[in-house]
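Q: Once you've had a glance at the structure underneath, I'll fire off some questions.
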């Protein structure tokens, strides 16, 4: 198990299909549509989320070093910010089939999601 | 003297000549003695008489054929005796001489029987009576008398020396600091005990008694059977720290002794008794058992501890590991003792560990260090190793140490540290968001004219 240095996290690390493996909801969490999301797909600057119904929008990484050192991901739909989260962990594991990544996002409403992405080599 | 009687008397004289020659060889008298007549039953005077004359003249008497066989047997025994003598086994050769004597008596008896039968039937058979080729001359008989006188003198002298040596040996045995006892016969009658042996049984009156009667409490402990075996087989027995429950006058006591039993033989090589040597080692055995018990308990206690326990000498060389060490490292105790467990410390921790350890060895201060330690699978786990010096009169005589697996604790500590850091950043992040929301709300209120 390796932790990826938070300062070294790039878009390439984050692109791919992330499955929600764990979800921690604060009792004070104000609802947003990530609360019950099951899958998040990040591709280029586009994102797609599924929580029963599909939502599409844009995402980007924000870095500011004055108050928060952790990289932040902001989600937008039609220019409107619908979600803001900091990355608290990105860990990688070697599996027999390939690499497995685990991403921990902490949203500004107190929601914490643990996502998993498999970079398995596909065989034909 | 009639011719037949003369013939047989001469044969007996020839036989006597043979025996004298044999004894001369075995007692080292007359270096120029011709051994051929002693070794070959054809070349000796009696043999020549049997094969050139007696078988022809007296062949009709059955005992003469038996006499021929007995005569051959005498020479077989004589050859064996001479071989033993030449191999330096003088005592065995002389014991063999007794065997020759015994067969020789048989030969003389047969000669007398044949002579008697010849006398009884001399009228029925015609004997040649030709004794011109007499093998025993007067000079030979005179020489024989001389040799026998010399032999008697030597044997008497040697017998005296043997007796004197036996007496010296016996006196030496009696003066040994060990317990020495001499048991006689198959019933092991106690014939002699030296002073230490008597003192060991508090001068209990046992002389002249059979061992089984003197010490009935020993029955069932295997000693009587052991004595029987030594007496019967001649195989000596040597035993160390043998336990024996014995009554020395104060009830049954458990004693320990180093003992040996040896068969005693008479001059004919027959078993006549046993000589027993023993040292009581009860105090040493009891003291050693106490030490062993203490060591066993210490091992039990250290094995019962969850930590890996080790000890080292004053220089830090390992001297003991509890059972958790082989289980964790996959190494044998011998390998660990030989190469030391320090070789299993992670390379990144090694230098600092050794510096701290050597510093403790020099100062005697307690040692404490966190390091990674390789386990049998090749995985490294964090351990906290602590050691304390064992002092005797302010001098370090060794170290006792424990190595405790703190890997899970380390992981939890790291997790906790990370969680605090996470919590801090989460709070800052949420405060920032709240501030932004607060600022936006204020702007909206201001634009709406609400203050």
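The values are calculated or read from the model by the stated rules, or taken from the named source; none is laboratory data. This is a predicted model, so every value here is computed, not measured. Neighbour counts are summed over all protein chains in view; Cβ atoms, including those assigned to glycine, are modelled from backbone coordinates with ideal geometry.
Q: Given (1) within 13 Å of chain A (Cβ to nearest Cβ); (2) within 25 Å of residue A:72 (Cα to Cα), identify the lone condition not met by residue B:439.
A: (1)
Q: From the list B:108, B:206, B:189, which one is modelled with pLDDT of 85 or more and under 30 Å from residue B:68 (Cα atoms)?
A: Working: B:206 fails: under 30 Å from residue B:68 (Cα atoms); B:189 fails: under 30 Å from residue B:68 (Cα atoms).
Exactly one of B:108, B:206, B:189 is modelled with pLDDT of 85 or more and under 30 Å from residue B:68 (Cα atoms), namely B:108.
Q: Hey, another quick one. Restricting attention to the range A:67-80, which residues are more than 10 Å from chain B (Cβ to nearest Cβ) and surrounded by fewer than 18 Cβ atoms within 10 Å (Cβ to Cβ)?
A: Filtering the range A:67-80 down to residues more than 10 Å from chain B (Cβ to nearest Cβ) leaves A:71, A:73-80.
Passing the criteria: A:74, A:76, A:77, A:78, A:79, A:80.
Q: Can you find even one residue in the range B:385-397 that is surrounded by 12 or more Cβ atoms within 10 Å (Cβ to Cβ), within 30 Å of residue A:106 (Cα to Cα) and free of Cβ contacts under 8 Å to residues at least 40 places away in the same chain?
A: Taking every residue of the range B:385-397 in turn, none turns out to be surrounded by 12 or more Cβ atoms within 10 Å (Cβ to Cβ), within 30 Å of residue A:106 (Cα to Cα) and free of Cβ contacts under 8 Å to residues at least 40 places away in the same chain.
Q: Related question: Looking only at the range A:102-116, how many residues end up being within 9 Å of chain B (Cβ to nearest Cβ), part of a strand (DSSP E or B) and without any contact (Cβ under 8 Å) to a residue 60 or more places away in the chain?
A: Qualifying residue count, the range A:102-116: 2.
Q: Next question. Scan B:48, B:69 and give me the residue that is part of a helix (DSSP H, G or I) and at pLDDT below 90. Walk me through how you get there before you give the answer.
A: Numbers: B:69 fails: at pLDDT below 90.
The unique qualifying residue is B:48.
Q: For residue A:119, which of the numbered conditions (1) over 21 Å from residue B:418 (Cβ atoms); (2) assigned to a strand (DSSP E or B); (3) within 14 Å of chain B (Cβ to nearest Cβ) fails to hold?
A: (3)
Q: Further question: Could you list, in sequence order, the residues of the range B:363-375 that are loosely packed, with under 12 Cβ neighbours inside 10 Å and within 46 Å of the chain's Cα centre (by Cα)?
A: If the condition is that a residue be loosely packed, with under 12 Cβ neighbours inside 10 Å and within 46 Å of the chain's Cα centre (by Cα), then no residue fits.
Q: Follow-up question, since we're still on this one. Looking only at the range A:12-51, which residues are in a helix (DSSP H, G or I) and either under 25 Å from residue B:430 (Cβ atoms) or touching a helix residue (DSSP H, G or I) at 6+ places or on another chain (Cβ under 7 Å) (or both)? It would help to see each step written out before you state the result.
A: Step one: of the range A:12-51, the residues in a helix (DSSP H, G or I) are A:12-14.
Residues satisfying the conditions are A:13, A:14.
Q: Taking the range B:227-273, which residues are within 23 Å of residue B:89 (Cα to Cα), surrounded by fewer than 17 Cβ atoms within 10 Å (Cβ to Cβ) and in contact with a helix residue (DSSP H, G or I) (Cβ under 6 Å, 6 or more places away or on another chain)?
A: B:268, B:269, B:271
Q: I've got another one for you. Only one of B:433, B:424 is within 14 Å of another protein chain (Cβ to nearest Cβ), out of contact with any helix residue (DSSP H, G or I) (no Cβ under 9 Å at 6 or more places or on another chain) and exposed (fewer than 11 other Cβ atoms within 10 Å of the Cβ). Can you tell me which?
A: Just one listed residue meets the conditions, B:424.
Q: Any residue at all in the range A:52-63 that is touching a helix residue (DSSP H, G or I) at 6+ places or on another chain (Cβ under 7 Å), part of a strand (DSSP E or B) and within 14 Å of chain B (Cβ to nearest Cβ)?
A: Within the range A:52-63 (the criterion being touching a helix residue (DSSP H, G or I) at 6+ places or on another chain (Cβ under 7 Å), part of a strand (DSSP E or B) and within 14 Å of chain B (Cβ to nearest Cβ)), the answer is no, since none of the residues qualifies.
Q: If you scan the range A:86-95, which residues turn out to be within 14 Å of another protein chain (Cβ to nearest Cβ) and in contact (Cβ under 8 Å) with a residue 40 or more places away in the chain?
A: Of everything in the range A:86-95, those that are within 14 Å of another protein chain (Cβ to nearest Cβ) and in contact (Cβ under 8 Å) with a residue 40 or more places away in the chain turn out to be A:87, A:89, A:90, A:91.
Q: Let me ask another. Within the range B:75-93, how many residues turn out to be surrounded by fewer than 20 Cβ atoms within 10 Å (Cβ to Cβ), part of a helix (DSSP H, G or I) and under 33 Å from the mean Cα position of the chain (by Cα)?
A: Residues flagged as surrounded by fewer than 20 Cβ atoms within 10 Å (Cβ to Cβ), part of a helix (DSSP H, G or I) and under 33 Å from the mean Cα position of the chain (by Cα) within the range B:75-93 amount to 7.
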